[in-house]
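Here the structure comes first, spelled out in C-alpha cells, and everything after it is commentary.
Bear in mind these aren't lab numbers, they're just calculated from the coordinates by the rules spelled out. Being a predicted model, the structure only gives us computed values, none of them experimental. Please note: Cβ atoms are built from the backbone with ideal geometry, for glycine as well, and neighbour counts cover all protein chains shown.
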Amino acid sequence: MNEPSATLLSIQSVTKRFRSGTFGIKDLSLDMQGGVIGLLGPNGAGKTTLMQMIATISVPTSGRIVFRGSDIVREPDVLRQKLGYLPQDFGVYDNLTAREFLSYFASLKGVYRPSRISEMLELVNLHAVANRPVGGFSGGMKQRLGIAQALINDPDLLIVDEPTAGLDPEERVRFRNILSDIGFGRLVILSTHIVSDIESVATQIAILREGSLVAFAPPEALLCATVGRVWEAVVKSEEFEELRKTLKISSAIRKPDGVHIRIVGPEKQLPGSVAAEPGLEDAFLYHLNADSVAGGQDHDQR
Amino acid sequence: MISGKRLRAVALSDFRIRFRKTSTAVTFVLLSLTAYLLVPDPATGNTLMEIDHHRVFYNSTSIALATACLYSILLSLFGFYLVSNSIRKDIDSRAGFIVASTPLRSVEYLAGKLFGNILFLGALAAGFLLSCGAMYLLRGEAPLEPLEFLKYYALLMPPSVVFVSVIALLFESISFLSGRLGDIVYFFFWILGIGVAAGVITADPSSLSPNQPHWTAYFDPQGVALIAQHVKTATGTGSFTIGYTPFDRDKAPVILQTLKPGVPHLLARFSSMLIPIPLLGLALLLFHRFDPTKLRVSHGKARRGWVKGTNLLLKPLARTFRFMLGFPRTNRLGWFFGAVLAEFWMVLTAYPILPVLAVASSVVSLFLPLPAVTQVLLPVAFLILIPPLAEAACRERRFGTGQMIFVSPLFKSLYVGCKFAACVILVLFFTGIGLLRVAFSAPGAALSLLIGAAVFAAVAVCLGVIVASPKAFVVVALLFWYLALSDRGRVPALDFAGWFGTAGANVRLSYAILTLLLLATAQIAYRWKWRREEVA
C-alpha cells in the first residue's frame, strides 16, 4: 500500500455484482498516484465495468472509491469536476461541428472560455476542420475529438476506455503520442487489451482477469517477473498447429525456415527452444495465465 | 443549484442536432404540403371549414383558427414520434456516458432535453404558421392580419408542445415505455386526450358560454375544446367540420367571428400547459442517468414483459420453421423466394408468438360469424402485425447487419421486393382463413383484403426504407387503422382492407395504385441511399 497522502485514487474492496448474479468486479483494491496506468485484460475481464465505476456512471455493489480523500460513490460531484472520460465505442453527434461538439461538453463541465476550445482543437490537430460537421470525420479524427472533450476541463483524472479500437496503425501511433504528451501531471487510466497500446506510455500496469486484479506493477517489474519464462523456437507449420493448442504462445511469425514462436512457460517446454528476453506481451500472457504457466504461485504484485 | 448555462447547452445542442437533419427539411416540406392541402380552393367544392354546410369565408380568423386547431391535434400525435428519441440517441451514441461523468445534474439534463423538444416542436409550429400565412396570400379573401394568426397559434400551440415534450421525456424514462410498446401506448393515450374535448363537441351550443370555458378546456392540451366552444357559441350551431371538407355551394359563406380571449380562456390554456409538468418529477425519479447497470436492468425488465416472456418461452417453436431456409436456389427466382422465406422466417423467429396467434386467429375465424371475422378479428390481426411489419424494412439499418447480408446473391438488388413479399406473406399468414371465408361470400371484399394486405406491407417497406426507423410506420398505421375502424365503412375510401365491405372497385384500384407508387418510391429511396453510401 502507498502512503495515503500520495494516493490520488484509491479503490477499496470494490465489488460489482449484476442482477443476473454474475460479478463484473470481485473485491478489487488498488491505489493509484499520478502517471499513466494501463489497464490490461482480455475481453470480459471487467475493465469497462471498473472504469465506469471510477467515472461515477455506475455504482459499486460494495466497497469504496476514494478520490483525494472523498468517497466518490457518495459524493460523485467531487470527482466529476476534475474528470475527463472517453468511453469505449464513443459516438458523436453527426450534425454538430467539431467546435460545437466541444462547446457542448465544455458547457456541461462548466468551461465557458471559447479560447479553451480552440486550444483543444489545436492540441488534437483538428483546428483546420473545426467548423465541419463531425459526421464526415474518420474514426481517428473522432477519437481525437473525443480526447479533446475529455481534456477540455483540464482534468486531474483522465479515463480512456479502449481508445484505439478500430483505428488504423498511423492513427494508433498518433493517439498514443497524444496520450503520452498529456500524461504528465495527472492520472490517466487507459484500458485496452492490446499491449502495444500502452507499452510505451504506461508508468504502471494493472492486469485484470474475470473481475479480479492479478497484477499491478510498473512495466519493468512485470518484465522482471517474467525473466526466464519466455522461450523462442522455430517449428514447422504442421507442428505449430498442434503446439498452439498446448502451449502459451505469445507471438508467431512465419518465415522461410518455419514458424518463429515465443512460448511463455516456467521451463523449457520444447527441445531446441532458447531463453528469450521477455516483452510486455509475454509478461501480460504470463501474468494472465499465472496459475497455469507457473503452477499457481501468487503473482499479485500489489 | 440549477445551472442555466448547462441547461441551455443541452437544449441548444439537442435542437441543433435535430434541426440539421435531412429529415427535418423533409418535415418542413411536408408541413408546407399539408398547409396547401388543408386550405383548398373553394372553387373545387371543398373548404377548410364548414358550418352547417356553409363554407367559412377565408379571412385571417377562419384560416388561423382552423389551421392552428388542426396543427395542434397533428402535432400532439406526430410530435411525439419526432422527439421521443432524445435520450435514446445519447444511449446509442454512448455520448450519454460522457454526459453522466460530468457535473451536469440529472434535473438539468432532463430540463435541457425538455426545452430542446419544445424548441424543435416550436420551430415546426412556426414553419407551419408561415406556410399557412403563405397559403393565405394565395387563397385568402380578405386582407392578411398577421396578429390574428399569431393570436391563435400562441393560444393553441404552447400547451400542445409542452404536453408532447413532457410525455415523450416521461416515456423515455420508463423502461418498458421507451420502445415500441410506448409508441403504441402513446397513440391510445392521444386518442384519450382528444376525447377530453368530447364534452364540448357533444354539448348543446345553448349550454355553452362564450366567455367562460367549459371545464374540459382546462385539461385540453390541443385546445380542441376551446375552439369547439368558440365556434359553437359564435355561430349558435353544433354542426361544423374543420379540415378539408366539402360544402354546399348553394349556401352563402359565413364569416367566423374572432375569439377574444379573456382571462378565463388564458387560464384554461395555462392550466392545460401546466398539467403535464408534474410528470417531469416522475421522469426524474425513473431516469437512469446512463448507469449501464440500470440500462441493463431496463433491458432485463423488458425481456420479462409478458409479450417478450411469451416470445422467449415459445422460442423453440421457431425451429419448426427452419425448413423455410432450405428453399432450392438454383436460379434467380429461387434466390428471390429463398430470400423472401428467410425474411419471413426471421420475423417468426423474432416473434415466435406470431405463429401461435395466427393459428388461434385461423381457428377462431372458422367458427365466428362472418361479420365478426371481418369487422373484429381482421382489424385485430392488422393491429397485432404493426410492430413486426414496422421492424421488417429497417432491421438491417437499425442493427447494422446490412453489410453482412447484402453479400447474399441478389438480396441487395431485390431488397425492396423481398421485404414487401415477406410482409404480404406475414399478413396473409394471419388472415388467410378469414380471407377464404370472405372469398366465398363476398369476392369483392376478399380482393379488398388482399389489396389491404399489400398496401399495409408497402407502407411498412416504404417508410422503413426512407425513415430507417419503425416509428414512422407505427404512427401512420395506427392512425389509419383507427380511422378505418372508427369510421366503420361509412367512408368507402377508408375501408382499405374491406373490413366493412363498402369499398368499391374504384377504392380497390386506388389502393392498388397506391401500393405500386409506394413500392416505386421505396425502390428509388433505397437505390439513392445505397449509391450515396457507396460514394461515401
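Brief remarks follow.
- Based on alpha carbons, the Rg and Dmax found for the range A:105-259 are 20.3, 63 Å.
- Shape call, chain B: gyration tensor on alpha carbons, a/c limit 1.5: oblate
- Based on C-alpha pairs under 8 angstrom that are at least 6 apart in sequence, the range B:102-206 has a relative contact order of 27 percent.
- The separation of the range B:1-77 from the range A:1-66, counted between C-alpha centres, amounts to 52 Å.
- Remark: spin-label model distance A:Ala275-B:Arg139 equals 9.3 nm, labels positioned 7 Å along the Cα→Cβ axis.
- Going from the fewest other Cβ atoms within 10 Å to the most, the residues A:Val214, B:Val427 appear in the order A:Val214, B:Val427.
- Sorted by Cβ neighbour density within 10 Å, fewest at the top, the residues B:Met1, B:Met324, B:Met135: B:Met1, B:Met324, B:Met135
- FRET efficiency, 1/(1 + (r/R0)^6) with R0 22 Å, evaluated for A:Gln33 and A:Ser212 via beta carbons: 0.50
- DSSP bridge pairs, chain B: antiparallel proportion in percent, nearest 5: 90 percent
- Only helices enter this figure: runs of n ≥ 4 DSSP H residues, each worth -39500 (n - 2.57), summed and divided by the residues of chain B, yield -22500 deg cm²/dmol at 222 nm to the nearest 500.
- Between helix B:4-19 and chain B: long-axis angle, C-alpha atoms, 0 to 90°, nearest 10: 60 degrees
- Inter-probe distance in nm under a simple model that places probes 7 Å from Cα toward Cβ, at A:Ser115 and B:Arg319: 7.0 nm
- Rounded to whole numbers, the Karplus 3J(HN,Hα) couplings from phi for the range B:151-158 are 4, 5, 5, 5, 6, 8, 5, x Hz, using 6.51 cos²θ - 1.76 cosθ + 1.60 with θ = phi - 60°, and x at Gly and Pro.
- Across the alpha-carbon atoms of the protein assembly as shown, the computed radius of gyration and Dmax are 32.2, 109 angstrom.
- Using the Cβ-Cβ distance between B:Arg397 and B:Ser206 with R0 set to 51 Å, the FRET efficiency from 1/(1 + (r/R0)^6) comes to roughly 0.35.
- Model label zone, B:Val376; criterion: amide N under 15 Å from point 7 Å along Cα-to-beta-carbon; scope the range B:329-361: B:361
- Per-pair calculated FRET efficiency, R0 = 60 Å: B:Thr237 and B:Trp530 via Cβ, rounded to 0.05: 0.60
- Whole-Hz Karplus values for the range B:91-104 come out as 6, 4, 7, 6, 5, x, 5, 5, 4, 5, 8, 9, x, 4 Hz, taken residue by residue from phi with 6.51 cos²θ - 1.76 cosθ + 1.60 and θ = phi - 60°; glycine and proline positions read x.
- Debye, to nearest 20: dipole size of the range B:415-518, +1 on Lys, Arg Cβ, -1 on Asp, Glu Cβ: 60 debye
- Order of A:Arg68, B:Arg94, A:Arg19 - criterion: other Cβ atoms within 10 Å of each residue's Cβ, fewest first: A:Arg19, A:Arg68, B:Arg94
- Dimensions of the range A:82-140 along the principal axes, based on C-alpha atoms and rounded to the nearest Å, stand at 28, 26, 20, largest first.
- Two-decimal Rg to Rh for chain A - Kirkwood Rh, Cα set: 1.02
- Cross-link reach list, aspartates and glutamates versus B:Lys251, counting only Cα pairs under 13 Å and skipping chain neighbours closer than eight places: B:Glu50, B:Asp52
- A dipole drawn for the range B:173-301 from +1 and -1 charges on Cβ atoms has a positive end, and of B:Ile242, B:Ala228, B:Pro292 the residue lying farthest that way is B:Pro292.
- Taking label positions 7 Å along the Cα-Cβ direction at both A:Thr15 and B:Lys5, the computed distance is 4.3 nm, reported to one decimal.
- Calculated log₁₀ intensity ratio I(q)/I(0) where the Debye formula runs over C-alpha points of the range A:1-68, q = 0.14, 0.23, 0.29 Å⁻¹: -0.42, -1.06, -1.44
- Set of lysines with alpha-carbon distance to A:Lys245 below 28 Å, sequence-local pairs under 8 removed: A:Lys47, A:Lys236, A:Lys255, A:Lys268
- Only lysines eight or more places from B:Lys529 in sequence, or on another chain, were considered; those with a Cα closer than 16 Å are B:Lys21, B:Lys412.
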